[in-house]
1. Looking only at the stretch 83-103, decide whether some residue is of a type in the set (D, E, K, R), closer than 15 Å to PRO62 by Cβ, open to solvent by less than 70 Å² (accessible area, probe 1.4 Å) and at pLDDT 80 or above.
2. Do you know which of the residues in the stretch 325-350 that are over 27 Å from VAL45 (Cα atoms) and in contact with an Asp or Glu (Cβ under 9 Å, 6 or more places away or on another chain) is surrounded by the most Cβ atoms within 10 Å (Cβ to Cβ)?
3. Just one of ARG275, ARG297, ARG253 is buried (at least 16 other Cβ atoms within 10 Å of the Cβ), out of contact with any Gly (no Cβ under 9 Å at 6 or more places or on another chain) and of a type in the set (D, E, K, R); which is it?
4. For ALA378, only one of the following conditions fails: (1) open to solvent by less than 40 Å² (accessible area, probe 1.4 Å); (2) over 25 Å from ALA42 (Cα atoms). What is its number?
5. If the Cβ limit is 6 Å and pairs must be 6+ apart or interchain, which residue in the stretch 234-263 that is hydroxyl-bearing (Ser, Thr, Tyr) pairs with which residue that is open to solvent by 50 Å² or more (accessible area, probe 1.4 Å) and assigned to a loop (DSSP other than H, G, I, E, B)?
6. Does LEU282 satisfy the criteria of being aliphatic (A, V, I, L, M), in contact with a strand residue (DSSP E or B) (Cβ under 8 Å, 6 or more places away or on another chain), open to solvent by 30 Å² or more (accessible area, probe 1.4 Å) and in the same structural domain as VAL258 (by the TED database)?
7. I'd like to verify a number: residues in the stretch 109-126 that are more than 22 Å from GLN158 (Cβ to Cβ), of a type in the set (A, V, I, L, M, F, W, C) and open to solvent by 80 Å² or more (accessible area, probe 1.4 Å), how many?
8. May I ask you to list the residues in the stretch 358-386 that are of a type in the set (A, V, I, L, M, F, W, C) and either over 24 Å from ASP397 (Cα atoms) or not in a strand (DSSP E or B) (or both)?
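The values are calculated or read from the model by the stated rules, or taken from the named source; none is laboratory data. This structure is a prediction, so every number in the text was calculated from the model and none was measured. Reconstructed Cβ throughout: ideal geometry from the backbone, glycine too, with neighbour counts over all protein chains shown. Just the protein is used for accessible areas: all its heavy atoms, side chains included, with ligands, DNA and RNA removed. Shrake-Rupley method; radii C 1.70, N 1.55, O 1.52, S 1.80 Å.
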Amino acid sequence: MTTRKKIILVLIAVAMAVLLGLALWPSPVPVSVATVERGHFAETVEDEGRTQLPAPHTVSAPVTGYLQRVTTEPGDAIEADQVVFTLEPPPVPALDARARTQARESVAAARARHEAAEAELEAREIQHQLARSEDQRYQQMYDRELVSAEVMERTRAQRESSRVAERAARHAAEVARFELDAARAVLEVADGTRAPGDQPRMEVRAPVNGVVTRRHRHSEGPVSAGEPVVDIGDLSTLEVQVDLLSMDAVRIRPGMPVVLERWGGDGALEGEVLRVEPSGFLKVSALGVDEQRVPVRVAITSPREQWQALGDDYRVEARFILWQDDDVLQAPTSALFRRDDQWFVYVAEDGRAHRTAIQPGRRSGLMTEIRDGLQAGARVITHPGQRVDDGARVRED
């Protein structure tokens with residue numbers, strides 16, 4: 001074999017070896033990457049809630065009688081002392097000796113409730129006056145820069161809370177007074193048949209200003225004592241109740257900011273935690289899992305003009321802000337993985353994946369705070385698969 005043929009054979013063998021190596025050489029793994037950035041970060045807890053009236057008023061029939069047709073519609077504005085519905089005497093005796101004795105006891109009980117409500121109102125007025133005095137003192141100290149803005153905001157929140165509590169106590173006192181009047185009216189119903197049209201009828205009046213939120217009865221007919229007819233509430237006092245998991249509720253504190261979203265209107269609403277109920281309850285989820293839930297009450301602090309369309313028992317989504325900062329290094333949570341009690345990410349650099357140990361911090365939804373191990377601008381691989389390893393060739397999609 002001539003030297004020329006040997007050289008050609010060697011070149012062919014080398015070319016085949018190169019082609020075989022290229023065919024067997026692993027191709028770069030396609031990956032998705034994200035950039036580590038600094039920015040606003042908030043640790044939150046999210047769950048569904050519903051609006052509710054803190055002090056709804058159910059106007060019921062004070063005595064058994066014959067209800068005339070209720071003309072008020074849900075959504076109608078009602079003023080205090082306005083006639084809500086009218087009762088006629090029933091065609092049978094309204095009160096016998098036993099019922100009359102019970103009516104007297106009801107009047108005594110209503111009088112006791114009224115006195116208790118008046119005492120509660122007096123206590124709330126004193127608390128509100130004290131809160132106003134403290135707010136004025138703290139305002140003077142704040143003007144002299146002796147207290148922080150956070151203390152001043154907390155003092156103002158306490159003042160507003162005491163004002164709302166005084167307002168609710170005043171409404172409760174008014175309700176107790178009207179209940180006492182209603183109980184007294186029972187004793188005034190005499191025996192006999194259904195009254196003719198020229199005789200006076202019992203007019204049941206609204207205890208407070210508000211809006212008719214629900215109408216239980218609208219057609220005329222017999223009605224029993226205590227049977228609800230209409231519900232009245234002040235929609236400007238709407239709250240939101242969110243039933244949180246107990247493991248999340250223990251992290252919630254009164255005064256924490258809340259963002260109310262997906263309520264149907266434009267933009268999100270601002271809120272503030274009023275109270276975390278001390279007692280929870282068992283709830284079965286849609287998947288059949290037993291969950292221990294805790295009611296959390298949230299006040300809507302956005303101007304009333306922004307949420308006038310909200311009504312009682314409407315659905316909202318609440319996001320409780322546990323902690324937030326405007327300068328936090330953060331990365332997608334999907335880029336983090338755990339190995340041997342240590343958290344890592346894969347950093348894509350020069351076409352290679354580099355496994356990097358990190359120290360994560362708080363988590364919020366899709367993002368995680370990075371306390372150590374990465375710098376802003378680093379590109380990390382999200383959802384790394386089994387083909388991605390330290391030093392593996394990668395290709396960004």
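1. Checked against the condition, which is being of a type in the set (D, E, K, R), closer than 15 Å to PRO62 by Cβ, open to solvent by less than 70 Å² (accessible area, probe 1.4 Å) and at pLDDT 80 or above, the stretch 83-103 yields at least one hit.
2. TYR346
3. Numbers: ARG275 fails: buried (at least 16 other Cβ atoms within 10 Å of the Cβ); ARG253 fails: buried (at least 16 other Cβ atoms within 10 Å of the Cβ).
After applying the criteria, what remains is ARG297.
4. (2)
5. Close Cβ pairs satisfying both conditions: THR237/PRO54.
6. So LEU282 passes the test.
7. 0
8. ILE358, LEU366, ILE370, LEU374, ALA376, ALA378
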